[in-house]
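What follows draws every value from the coordinates through simple rules; no lab data is involved. Since the structure is predicted, the reported quantities are computational estimates derived from the model, not experimental observations. Ideal geometry is used to build each Cβ from the backbone, glycine not excepted, and the neighbour counts take in all protein chains shown.
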Amino acid sequence: MRARKKAGIVSTGKALPVVRLTNYDLEYIVETSDEWITARSGIKERRIISGEETNSSLSEIAARIALERAGLKPEEIDILIVATVTPDQPLPSSACLVQARLNAHRAAAFDLAAGCTGFLYGLTVGQQFIETGAAKNILLIGVDTLSPVVDWTDRRTCVLFGDGAGAVVMQPVEEGRGILASKMYSDGSKAELLEIPAGGSKRPATLKTLQERGHYIKMNGPEIFKFAVKIMVESTLNVLEMCGKKTSDLTYIAPHQANVRIINAACKRLGLSEEQVLINIQRYGNMSSATIPVVLDEALEEGKIKQGDLLALVSFGAGLTWGAAVLNW
Amino acid sequence: MEVFEKVKSLISEQLDVDEEQLDMDTTFEDIDADSLDVVELVMALEEEFNLEISDEEVEKIKTVGDIVSYIENQIS
C-alpha cells in the first residue's frame, strides 16, 4: 500500500481594508477610551470595509497573492473553500462569488461556517482531500467582514472586531512536512454565548428584529474568556501529543487573535515565551476566520517563520467551536 | 489562615499588587481589578484549589474575605 500523502500550506496572502479605525476614533462613537480598550484587549486599531470592499473582494486580493506565490493559476484550483460567517449575501456562497472573480472554473467552491475557527476547520477539511489524493490544489480563504454586523452602540463588543482576509494554497508535501496533526472540536450547548440571533430563516428580518438589534453580534465575553483559555491549552496539547511532539519542540504558536489577555493566559499555561507567540491583534482586532492566515502571512513576510520550524495553530469561536493543528513548515 | 495566605499570593501574582495591601476587607475596586482581572483570578483560584466557581458565585464575591470563606466552605 502506498503511504498517504501529507498536506501542507505552500503559500499565503492577505488583504486588509483601507480604512483604519483607531481607539481614538472609537471615542467619538461610543463611551470608551484608548486606555480602556488597550488594557482589556490589547487592540489599538482595526480595519473596516468601505466603498467597494466586500467579503469576496478582499478574498480575491488575498487569493491572487497566495496563488502567485505558489506559482498556481486559478484554473488549477481543485477545491476553493471560503471559511467565513459574513458572506456578501445569504445566497449564493461567498466561495462561488470568489470563484467567479478569479475565474477558477475547475474548482468546487463552498463556504465553511465555524465562527472564528473557520480557518482551522478549513485546514483540516482541505487536509483530508489532499491526504486521500482526491485533490491536489486547494485554495483556502479565511475571511470575515464583521463591521456591518457589529453593534456600534455596544461598547463591550464593537471595540473588539475588525475586517480582513487571509488566503493559503494547500498542496501535497513530502513526508514529515506540512500538517502533522489537526483536530476540530464543537460544543453546540454553548451556542448562546456568541450569536447573531436574527436574520436566519427562524427569525428573518422584520421591523421588530431590527428594533431589537437582533442582526448584530451578541457575546458573553467573560464566559468565552474562560472557555477559550482552557480549550486553547487542552487542544494544543492534544494535537502535539497526536504527532509525538511537546510544547518545548514548538518554534511558534499562531493563536486566534481575539484578545491579547486570552492569548497571554493560554500561552503562559503552555509554558511558551513571548517570542514564540505570533501576535498582530494590536493592528487588526478580531478578524474572525482571517486572524490566523493573516498573522502567518505577516510572520512569513517578516522572515520569522523558516523552513523546518514547528508551528501550532489554535483557534476558538462561535458555536462554540475550536480547533488546533501542528505544522512542520 | 492557610487559605488566606494562598489567596493573597495568587492575587498578588495575578493582579500585580503588593501582598501587604491585601486584607480580608480589600475589594476588587480597591486594587483596580477590572472584569477580566476577576475572570483571570477565578481561573487561577480554580486551578490552585481544584474546584469550580460558578458565575453566580463570582457575582457574590466582593472582597478577599468572600473568596477565602467560599474556598474554605468548598474544601472543608
What does the charge dipole of chain A about its Cα centre add up to, to the nearest 20 debye, if the Cβ of each Lys and Arg holds +1 and the Cβ of each Asp and Glu holds -1? 700 debye
Could you give each residue of segment A:90-99 its phi-based ³J(HN,Hα) in whole Hz, using Karplus coefficients 6.51, -1.76, 1.60 with θ = phi - 60°, and x for Gly or Pro? x, 8, x, 5, 4, 4, 5, 5, 5, 4
Give the lysines whose C-alpha is closer than 25 Å to that of A:LYS202, dropping any in the same chain fewer than 8 places away, or say none. A:LYS190, A:LYS218
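Give me the percent of DSSP beta bridges within segment A:6-176 that run antiparallel, rounded to the nearest 5.
65 percent
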Net charge near A:HIS105 (other residues with Cβ under 13 Å of its Cβ; Lys, Arg +1; Asp, Glu -1) is 0
I'd like to know which of A:VAL149, A:ILE179, A:ASN220 lies farthest towards the positive end of the charge dipole of chain A, counting +1 on Cβ of Lys and Arg and -1 on Cβ of Asp and Glu. A:ILE179
Counting all Cα-Cα pairs in the protein assembly as shown, those more than 32 Å apart amount in percent to 37 percent
Cβ-Cβ cut-off under 15 Å around A:TYR185, Lys and Arg +1, Asp and Glu -1: the net charge is 0
Would you mind ranking A:HIS105, A:HIS215, A:HIS256 so that the residue whose beta carbon has the fewest other beta carbons within 10 Å leads the list? A:HIS105, A:HIS215, A:HIS256
Ascending count of other beta-carbon atoms within 10 Å, so fewest first, for A:TRP322, A:TRP36: A:TRP36, A:TRP322
Trypsin sites (Lys or Arg not before Pro) in segment A:211-253 lying in a DSSP loop, each with at most 15 other Cβ atoms within 10 Å of its Cβ, come to A:ARG213, A:LYS246
What is the packing order of peptides A:53-59, A:146-152, A:199-205, taking the mean over residues of other C-beta atoms within 10 Å and listing the highest first? A:53-59, A:146-152, A:199-205
So, with points 7 Å from each Cα along the Cβ direction, the A:ASP309-B:SER69 label distance in nm works out to 5.2 nm
Within a 10 angstrom radius of the beta carbon, how do A:VAL82, A:VAL10 rank from fewest other beta carbons to most? A:VAL10, A:VAL82
Taking only the alpha-carbon positions of chain B and ignoring solvent, what does the Debye formula give for the base-10 log of I(q)/I(0) at q = 0.17 Å⁻¹? -0.56
Fluctuation leader among A:PRO172, A:PRO90, A:PRO255 - chain A, Gaussian network, Cα springs under 10 angstrom: A:PRO90
